[in-house]
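Engineer: The structure that follows is given in the form of structure tokens.
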Amino acid sequence: MRRPIAAATLGLLILAGCSTTGPGAAPADALDPAGVSTGTTGDLLAAYELTGMDAPAIIDHLDRLPLDRRPTDLMASVRPDALLLGAGDDEVVLDIPDDRFYVSVAPYADGTHDCFFHSLTTCRGEMPDEEIDVRIVDDATGEVLVDETTTTFDNGFAGFWLPRDVEGSIEVTVDGRTGTAAFSTTADGATCITTLRVA
């Protein structure tokens with residue numbers, strides 16, 4: 001379901017850069033459903049060649065774009081239950097399926113930044129286009145959710161669709177250096193992990 005929301009409300013939620021707003025922020029479900037967008041969903045999606053894509057498809061598409069092809073005037077914030085899109089006065093919220101949660105992780109060795117909600121067009125990590133080994137485990141059950149070698153995107157992040165209501169750990173190895181970080185796919189979980197230092 002697509003939900004337009006009030007421009008003033010979304011404008012406060014979508015930030016230029018990675019969002020450091022934590023669980024105290026209003027979730028998308030708490031936004032005023034009577035709010036009115038100044039544009040239409042179709043217009044905004046068409047302007048950025050996103051027509052026909054749902055929230056997961058847009059997230060996957062934007063996170064994988066080369067930096068020089070990313071729209072600098074489009075704000076795209078991944079929340080636990082929704083994708084918030086905004087450009088100028090046009091703003092749209094697209095629901096993320098109830099059984100999926102997007103976690104984007106940027107491993108680092110020397111420098112990082114604070115982040116809680118991943119911005120698909122402005123977040124940058126230290127290690128773009130790096131081959132990494134990733135292991136993601138559900139701490140409660142020991143189930144291995146991800147065990148693969150992948151390459152970070154041009155923005156230095158690698159994104160993973162995980163089941164909801166899981167708390168666990170992410171382990172990343174880069175060139176023989178390994179680091180771990182905790183994650184949560186609960187309603188107040190972070191979609192942006194920038195605390196994973198490899199050493």
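Engineer: Please state, to two decimals, what the Cα-based radius of gyration of the range 57-141 comes to when divided by 2.2 N^0.38 Å (N = residues). Show your work: numbers first, answer last.
Structural biologist: Details: Rg = 14.3 Å, N = 85, 2.2 N^0.38 = 11.9 Å.
The value comes to 1.20.
Engineer: Check which residues have an amide H placed less than 5 Å from C192's amide H, if you skip close sequence neighbours.
Structural biologist: S104, H118
Engineer: Give the accessible surface of the range 81-136 per residue, rounded to a whole number of Å², with probe radius 1.4 Å and ligands, DNA and RNA excluded.
Structural biologist: 37
Engineer: Quick one: Karplus J couplings for the range 191-197, per residue in order, coefficients 6.51, -1.76, 1.60, θ = phi - 60°, nearest Hz, x for Gly and Pro?
Structural biologist: 9, 10, 10, 10, 9, 8, 9
Engineer: Taking all protein chains as present, what is the carbon and sulfur share of the accessible area of the range 128-199, in % to the nearest whole number, probe 1.4 Å? Spell out each step's value before the answer.
Structural biologist: Details: 1350 of 3290 Å².
Reported share for carbon and sulfur atoms: 41 percent.
Engineer: I'd like to compare 137-147, 53-63, 80-90, 174-184: which one has the highest average count of other Cβ atoms within 10 Å, and what's the full order after that? Kindly include the intermediate steps, with their values, before the conclusion.
Structural biologist: On the way: 137-147: 13.4, 53-63: 18.2, 80-90: 20.0, 174-184: 15.1.
Final packing ranking: 80-90, 53-63, 174-184, 137-147.
Engineer: Figure the gain on full extension for A47 and D73 (residue separation times 0.36 nm, minus the Cα-Cα span) and round it to one decimal in nm.
Structural biologist: Working: separation 26, 0.36 × 26 = 9.36 nm, distance 1.11 nm.
Taking A47 through D73 to full extension adds about 8.3 nm, to one decimal.
The values are calculated or read from the model by the stated rules, or taken from the named source; none is laboratory data. Source: prediction; values computed, not measured. For neighbour counting, all protein chains shown are included, and Cβ atoms are generated from backbone atoms with ideal geometry for every residue, glycine included. Side chains included, ligands, DNA and RNA excluded: accessible areas come from the protein's heavy atoms. Shrake-Rupley method; radii C 1.70, N 1.55, O 1.52, S 1.80 Å.
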